[in-house]
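A.B. asks: Structure below; questions to follow.
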Amino acid sequence: MSITSITSKPTRTVLALAAGSLLLGLSGAGAAVADEGPATQIMSNEQWGARHPGATPEPEKYPEHKYALGKVISKGPLTVRSRPTTHSRDLGRVHPHQKLEILCKERGEKVGDNHLWYRLNTKVEAWVAARYVKDLTPVKWCRL
């Protein structure tokens, strides 16, 4: 038996095991992302009530089953606002690749080159800048 056949065999085995581990690790990460469902609430009513004592959440104006889907495409956490402007109250964050239930779209403060904002399907009025959300299904205009 030659020296090259002895030394090259373990290297091939190590490389095969490393490649297999890498593939399993990547497919596992993909499954974790794929399992994420739409975010239906930014914060619970209890959390909102604790943050705003004495206030009551806005009544539901839209039926729950009437929403579009969007996916956050920002590089970092995206701020959820109480109105379609960056000067309104901060309600929380949504994260990149997270799916969102969108009720409607409305014109608001311009973010980047985009003046559209999406109202989320939550119990409180919550908005995100459309600049950082890719609509996966068509989004209707908000009705007053």
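The values are calculated or read from the model by the stated rules, or taken from the named source; none is laboratory data. Note that this is a predicted model, so its numbers are computed, not measured. Cβ: placed from backbone, ideal geometry, glycine included. Neighbour counts: every protein chain shown.
One line per residue, one yes/no per condition, for (1) crowded, with 16+ Cβ neighbours inside 10 Å; (2) over 17 Å from the mean Cα position of the chain (by Cα); (3) at pLDDT 95 or above; (4) in a strand (DSSP E or B):
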| position | (1), (2), (3), (4) |
| --- | --- |
| ARG93 | no, no, yes, yes |
| HIS97 | no, no, yes, no |
| TRP117 | yes, no, yes, yes |
| LYS123 | yes, yes, no, no |
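A.B. asks: Out of segment 46-91, which residues are of a type in the set (Val, Ile, Thr) and either at pLDDT below 95 or closer than 16 Å to GLU106 by Cα (or both)?
C.D. replies: THR56, VAL80, THR85, THR86
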